[in-house]
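Peer 1: Below is a structure I'd like to ask you about.
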Amino acid sequence: MLFSYIIGCSYSQIMYIAINNMMEKCNNKSFIVFLLFFCFLLFPHLLLSENDYIRGSVRQLVNTTNHRSISDPQQVHISLVGKDKMRVSWITEDKHTKSVVEYGTKSGKYSSKETGSHTSYQYFFYTSGRIHNTVIGPLEPSTIYFYMCGGSGPEFSFKTPPSKFPIEFAIVGDLGQTEWTESTLKHVDSTNYDMLLLPGDLSYADTQQPLWDSFGRLIEPYASKRPWMVTEGNHEIETFPIIYPHGFKAYNNRWSMPFEESGSTSNLYYSFDVVGSHIIMLGSYTDFDDKSEQYKWLQNDLDNVDRNRTPWVIALLHAPWYNTNEAHHGEGESMRQAMEKLLYNAHVDLVFSGHVHAYERFTRIYDNEANSCGPLYVTIGDGGNREGLALNFKNPPSPLSLYREPSFGHGRLQIVNETHAHWSWHRNNDNDSFVADGVWIQSLISTKPCTQTPQKQTSHEEL
């Protein structure tokens, strides 16, 4: 009975009740210590978290296959281009299918038609299908459009983002293609959102090119109806000495982002505006020092942000600049040292990252100190990848880290108006999505002390 009581408790209950109460009431203290030690051996995961949730184990890889004809579209996804256009991307096995998208606001009745371009690539003995990219628009805000790709196959639909606040972003990193990924995507889709942001590590193909195809088919039901804006992670690099020294061959061919519209020369970093928000997608795995093209681009991009038009500025990158997990600790430090001051001086509101397979939310920070005028940092690399969770956080906890948990899940950023937004993190709890963390955030541009000459401030009562 006593053993059953102990193993049914959470870590905090075991430590507090068992030690403080049982040790006082039981004469056989050695037996109690033995039971606690035995419980730890059986359930070590209970001691790896600062909350009462028991995390699930790694789940199976999901390998999807194509059940459509060779001329029908597959792996359909969309991405925002400019303020009122959308890029439709898809793949066909048929090398002769045209890159045509027909679309309209009524199902089966297409009033407009656009023709785009196509490409393909080879990676060792693998040759991709024909990769189509077609930009459609101009489009009306908050409107459902129906569309068909290549003149055959199923009809798809998407909803355009609104033209004014509020807007809601789903944010998830290190997605992969496991049963946990399926769970995350279903939770994301269970409530309405306007756009998905992904800070790197998409398919986890890791040079196995058919896994890119499987990933594209897995996410199609979601990525074909809301724009997905992504940046690269380390699993997108896929270099091979001499033969493929530059990397990102599959990523750049399959996931074209609107980099040219923001003045960038690389698909690995870019920015875009949507509903009062300037979103910056940075590249952790391309040059970022103060002599690099990315640094110069970021400097120019931030200098040209109009905070009257976009009062919110949000950055995403892969390797976190702040991290109290033992996994990948310090891997983003050189990029932080190179670019953090640019973001701080520009009053960037939030920075999201992935890479670490856990969730962690920090206070506002600048240069390793709490600073009420620095960005709020969030690690959200818990989408469902095949490598499992990063269970070990450093102890004692840093006062800069306000919530941390190694569980799969996704985040929601709802920007309510020019001054306030709400962030929430939704844990994958079996079949349900559970809101485990949340905070209201005030935009820095609406905080008077932060719009003056930058200076170090240690108060962070108002996030």
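The values are calculated or read from the model by the stated rules, or taken from the named source; none is laboratory data. This one's a predicted model, so the numbers in the text were calculated from it and none came from an experiment. Cβ sites come from the backbone with ideal geometry, for glycine too, and all protein chains shown count toward neighbours. Accessible surface areas use protein heavy atoms only, side chains included; no ligands, DNA or RNA. Shrake-Rupley method; radii C 1.70, N 1.55, O 1.52, S 1.80 Å.
Peer 1: Can you tell me which residues in the stretch 367-389 are within 21 Å of Val62 (Cα to Cα) and either assigned to a strand (DSSP E or B) or open to solvent by 10 Å² or more (accessible area, probe 1.4 Å) (or both)?
Peer 2: Hits for the stretch 367-389 are Arg386, Glu387, Leu389.
Peer 1: Just need a number here: residues in the stretch 248-298 that are open to solvent by 20 Å² or more (accessible area, probe 1.4 Å) and over 26 Å from Val135 (Cβ atoms).
Peer 2: 8
Peer 1: Which of the numbered conditions does Ile171 fail, given that it passes all the others? Conditions: (1) within 21 Å of the chain's Cα centre (by Cα); (2) of a type in the set (Val, Ile, Thr); (3) surrounded by fewer than 16 Cβ atoms within 10 Å (Cβ to Cβ).
Peer 2: (3)
Peer 1: Sort out which residues of the stretch 58-78 are touching a Ser or Thr at 6+ places or on another chain (Cβ under 9 Å), part of a loop (DSSP other than H, G, I, E, B) and open to solvent by less than 50 Å² (accessible area, probe 1.4 Å), and write them in order of number.
Peer 2: Residues satisfying the conditions are Val62, Thr64, Ser71, Asp72, Pro73.
Peer 1: Would it be correct to say that Tyr344 is open to solvent by 10 Å² or more (accessible area, probe 1.4 Å) and touching a Cys at 6+ places or on another chain (Cβ under 8 Å)?
Peer 2: Here the answer is yes, as Tyr344 does meet what is asked.
Peer 1: Taking interchain pairs and intrachain pairs at least six residues apart, which have beta carbon atoms under 7 angstrom, with the first residue in the stretch 65-84 and without any contact (Cβ under 8 Å) to a residue 40 or more places away in the chain and the second assigned to a strand (DSSP E or B)?
Peer 2: Sorted first by the residue in the stretch 65-84, then by its partner, the pairs are Ile70/Thr92.
Conditions tested, residue by residue: (1) of a type in the set (S, T, N, Q); (2) over 15 Å from the mean Cα position of the chain (by Cα); (3) over 18 Å from Met195 (Cβ atoms); (4) modelled with pLDDT of 95 or more.
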site	(1), (2), (3), (4)
Cys373	no, yes, yes, yes
Tyr377	no, no, yes, yes
Ile380	no, no, no, yes
Phe393	no, yes, yes, yes
Leu402	no, yes, yes, yes
Glu405	no, yes, yes, yes
Asn417	yes, yes, no, yes
Asn431	yes, yes, yes, no
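Peer 1: If I ask for residues that are touching a strand residue (DSSP E or B) at 6+ places or on another chain (Cβ under 9 Å), within 21 Å of Arg59 (Cα to Cα) and surrounded by fewer than 20 Cβ atoms within 10 Å (Cβ to Cβ), which ones from the stretch 407-446 would you list?
Peer 2: Selection gives Asn429, Phe434.
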